Every structure is written in structure tokens, then in C-alpha cells.
């Protein structure tokens, strides 16, 4: 049974030294050894730290000791990585980069002079940050923006999630929603209320996606 003894920690392509090979073995990519034969010694050169290298040795030797299917192990690792990626995405704050703010401003320049108020809820820095970026973009588009970041207060319960845009000015609402969608930020256009007199954007808390 092959036993992995050393893992040389160098920033260089992979090299494998075996005592005896029984046939051809091909491999591609960094740190992807291929082996044939028995009682071989591997030397793997990878761009990792010593502690990471020792952990890799433990994992690889455990796979060999327990005769685990490498394909099944890689499949499980892919599942774990996918789960970690989903968690990172779910907790990452919504933001508009400078370029995305420029896209939003460009989409709204035709509505220069229109009045709009941008709200967020008190005590939520994530929604407040996004609201401030929207305010900056709309101001650059020469809209008359009222910055009401943090002005909404919920006494009982949690603030609503998501981003709502007033439908009072349908063309402007569609322009804002479209630009936000390009930036990966979901929004909804609310029906016009009978008493509604001003165009508004309400930035609620970030919707939480359940990780499955």
C-alpha cells in the first residue's frame, strides 16, 4: 500500500518520486499525484504552509489506511465547499461598487429633478450602508434625494426583509429596480397606495436564504 511520507513545501510544480512503477500514470494540475505500484514514496511539492502540509498528509494517509474511494472523498469535499460558499453568500452584506453606483446613476439620469426618499431601519448597519450607496448614486443622477437612512423604527418584531420601491413613478421604479438587479440586488416594486404622495425606496434587512 502506498504510504505518503513527505510533502515538500515549495512554490513549484508537483514532483512525484516512486521506488517502482508497474505502468504508466498520468496526472494534470498542481498537487494532483498519479501512482501505480506498491510501497511507493511520494514527494509532493505544493505552494502551501507547513501546518497545511501536515494536515494534508494526515488526510491522505487516512484515505489510504481506510481504503476510501478517492472519488467519493472528493465528492464530499465538493459538497462541503458548496455549503461553505452558500453560507458566505448568505452573510455577505449587500453593497454597490463604484461601478454599480454609476450604472444606477446612468439609469436614472433621465429622471433628473424628480423627488425620492430613501429609507432604512434603525439599528441595521447592513441596510444603512446599502441605502447610503443608493442615495449617492441617485444624487449623482441629479434626483432630489431625501436621505432617510435609519429613520424607520420597529417597536415590536423585526424589520421587513428585502428592498421595496414605490410604484408611484413606474418608469423610475423600473429603472432603479433594473440597475439593482444587474448588481445582484433583488428588489420589488410596490403597488401605489391611495395616500402615497412621494416616491420612496425602503431598504429592509437582507433576506436570509436557508442553506440546504
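Once the gyration tensor of the Cα atoms in the range 69-205 is diagonalised, the equivalent ellipsoid follows with semi-axes of 34, 18, 13 Å, ordered largest first. With both residues required to sit in the range 98-203, DSSP beta bridges show an antiparallel share near 20%.
Here each label is just a point 7 Å from Cα along the line to Cβ, and for residue 189 and residue 74 those points are 4.8 nm apart.
None of the figures in this text is laboratory data; all of them are computed from the coordinates on show. Please read all numbers here as calculations on a predicted model, not as lab measurements. Every residue, glycine as well, gets a Cβ built from its backbone with ideal geometry; the counts of neighbours run over all protein chains shown.
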